[in-house]
Amino acid sequence: MDAHAKSMESDLLQNDRKCEFHGVSVSHVSSSSSREASPVAVSSAWFVADRFGGHFLRFGLPSFPSSTVHVDIGTSKLFKLGPKDLLCVIEVSEIEGSTDKPCSRALRIEFETEDICKAFHLTFELWKQKIPCTATGALENRSNVLKCKFDDKIEATSAMMYFHYYGQLLHQQNMLQDYVRTGTYFAAMIENRADFNGRVVVDVGAGSSILSLFAAKAGAKHVYAIEASEMADYACQLVAGNPSIGNRITVIKGKVEEVELPEKADILISEPMGTLLVNERMLESYIIARDRFLVPDGKMFPSIGRIHVAPFSDESLHTEIAIKAIFWQQKNFFGVDLSPLHGSAFQAYFSQPVVDAFDPRLLVSPATFHTIDFTRIKEEELYEIDIPLHFTASVGARVHGLACWFDVLFDGSSVQRWLTTAPGAPTTHWYQLRCLLSQPIYVLSGQEITGRFNLVAHSAQSYTINLTMSAKMVGPGADQGGLLQTSSCKINLKDPYYRMAQSPNYVWNQDQELEEGIDPQEIIQTPEEIDPCIILQTADSPEALLNL
């Protein structure tokens, strides 16, 4: 650098330095591994604009310009590695005094606190968009610059409760101890090593990072575990505690809608399924991650989900729900007449979906299903899901509503595995779900049942279900499509009734199976393997059906 250039730089340092950050340390990252870095202690980082409109980021001691590291913000990218760590990728060689040919370089930037890290990241984005910050204006522009799509469509209160829930170890334990779920994921990855060996994997909503560890065990070259809740800190501990495979895992704290990764993924793994597959709306984040991070023709584990539905008859359940509202029929409750609220209470109880494990013999007809292809569907298509209903009753019965469950496919190159939550299959923590009609409909054997199962997403990370079921006429006039009975209801998927007072009819004793030397995966049936005779048995009347 000549004397004139040094003089110009000195002037810029004295006059144009802005948004200074202290207590910053930087290390040059080796191209061979993001973990190989030589630490370089610096006292501060600051942003400057030259007289030609260029925006630069500089690290070092302001009083010693010769020791300064210069980064052109316009040709650089910033990625989040952790709550207090960022990765700055410089697309061309910009280190002063370097004689290397232009190439990509990376700097790992570490901060003393998470708040300083967030402020620095925001400032970088503002300067990259040619919006210089001020001492008080940077954070005020956060919603305009860094607000992600998740924040736009989800209520802040719902998101806070959601991430708080999944940030607790006891809830992670509940999922890990679902051995059908965890065992199926483990088998799907280990049996398809060819898909994982030497590949880059992104774990969407990694939680405790158990799936990331499975992927590393299956031979993944590197796994990026993205987790937005405080569980990310526990995930780091779990990864560090398993160094033989954990050294190929990077935990990134943040939402998939806003974090950046240094490379594309060959495979996405995730457990985005909620009750009825779509509750909690994490499937949308899974699809966003696909569009942002997955290479063309990359794999997704799981790749397909199916929502199964069938009409059911359960007189005892319907009576149980109706009885709950009797409280509000009291005419003299401490001198107060509660009956004006009975109708509203009755409808409120029937607006709750029932979550439990039920006997598959309660189904009135074989199930149909709606397929969601995670590899192709657009995120916006999950905002409303419309499923037309058409069944033929196999028995004469009072139809009390619609029973629902789901399954997902792990479409590996070597082995295909289904994870199913069907009634009659080994019970999972998802159980099954039933939508009750306050007014049942009567059907005869052979009679057609039609309707509509409509799910509309809302900002509380769930869906409103609009269900209509009708029994078509039989005999003369049936071919004109006449309807004999129709019943409708509106269900709030966010507010389920967990009916766990009694023991489920179908419980898998995992310890017993292991003691007998049976592979748990061998008893996990695919939907095609479940005997339809188990799903449906005929009865002459609803009462006989309930007594089977």
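Sort out for me the helices (runs of 4 or more DSSP H) sitting completely within segment 176-251 that have 1 or more residues that are under 21 Å from GLY298 (Cα atoms) and open to solvent by less than 10 Å² (accessible area, probe 1.4 Å).
Values: elements: 179-190, 193-196, 210-217, 231-240, 243-246.
Here the list reads 179-190, 193-196, 210-217.
Among the candidates SER303, SER316, SER351, single out the residue that is at pLDDT 95 or above, closer than 25 Å to HIS429 by Cβ and loosely packed, with under 14 Cβ neighbours inside 10 Å. Even if it seems obvious, please write down each step before you answer.
Values: SER303 fails: loosely packed, with under 14 Cβ neighbours inside 10 Å; SER351 fails: loosely packed, with under 14 Cβ neighbours inside 10 Å.
Checking each option against the conditions leaves just SER316.
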Here the qualifying pairs (Cβ atoms under 7 Å; residues six or more apart or on different chains; first in segment 174-199 and on the phi > 0 side of the Ramachandran plot; second modelled with pLDDT of 95 or more and open to solvent by 10 Å² or more (accessible area, probe 1.4 Å)) come out as GLY198/GLY219; GLY198/LYS221
Could you say whether any residue in segment 268-280 is at negative phi, within 15 Å of the chain's Cα centre (by Cα) and part of a helix (DSSP H, G or I)? no
Tally time: how many residues in segment 441-469 are over 21 Å from ASP495 (Cα atoms), among the aliphatic types (A, V, I, L, M) and part of a strand (DSSP E or B)? 4
Residue check: is VAL399 closer than 25 Å to LYS324 by Cβ and not hydroxyl-bearing (Ser, Thr, Tyr)? yes
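Let's see how each residue does on (1) closer than 25 Å to ARG292 by Cβ; (2) at pLDDT below 85; (3) charged (D, E, K, R); (4) in a loop (DSSP other than H, G, I, E, B):
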| position | (1), (2), (3), (4) |
| --- | --- |
| HIS70 | no, yes, no, no |
| GLY74 | yes, yes, no, no |
| LEU78 | yes, no, no, no |
| SER93 | no, yes, no, yes |
| THR123 | yes, yes, no, no |
| PRO132 | no, yes, no, yes |
| ALA135 | no, yes, no, yes |
| SER143 | yes, yes, no, no |
| LYS147 | yes, yes, yes, yes |
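Output the residues belonging to segment 379-416 that are within 25 Å of the chain's Cα centre (by Cα), farther than 17 Å from ASN279 by Cα and either open to solvent by 40 Å² or more (accessible area, probe 1.4 Å) or of a type in the set (A, V, I, L, M, F, W, C) (or both).
Of all residues in segment 379-416, those within 25 Å of the chain's Cα centre (by Cα) come to 379-387, 403-413, 415-416.
With the extra rule that they be farther than 17 Å from ASN279 by Cα, the set shrinks to 409-413, 415-416.
The answer is LEU409, PHE410, ASP411, SER413, VAL415, GLN416.
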Scan of segment 293-336 for residues that are assigned to a helix (DSSP H, G or I) and under 20 Å from the mean Cα position of the chain (by Cα), ordered by number: PHE293
Just to be sure before I move on: is VAL26 closer than 29 Å to GLU230 by Cα, modelled with pLDDT of 75 or more and among the aliphatic types (A, V, I, L, M) in the structure I sent? yes
I'd like to check something: does segment 182-201 contain any residue that is farther than 19 Å from TYR165 by Cβ and touching a Pro at 6+ places or on another chain (Cβ under 7 Å)? yes
Within segment 461-471, identify whether any single residue is more than 25 Å from PRO272 (Cα to Cα), modelled with pLDDT under 95 and crowded, with 22+ Cβ neighbours inside 10 Å, and answer yes or no. yes
In segment 350-391, the residues that are closer than 16 Å to CYS435 by Cα, part of a strand (DSSP E or B) and among the acidic types (Asp, Glu): ASP356, ASP386
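The values are calculated or read from the model by the stated rules, or taken from the named source; none is laboratory data. No experiment lies behind these values; they were computed from the predicted model shown. Every residue, glycine among them, receives a Cβ derived from its backbone with ideal geometry; neighbour counts consider all protein chains shown. For accessibility, only protein heavy atoms count, side chains too; no ligands or nucleic acids. Shrake-Rupley method; radii C 1.70, N 1.55, O 1.52, S 1.80 Å.
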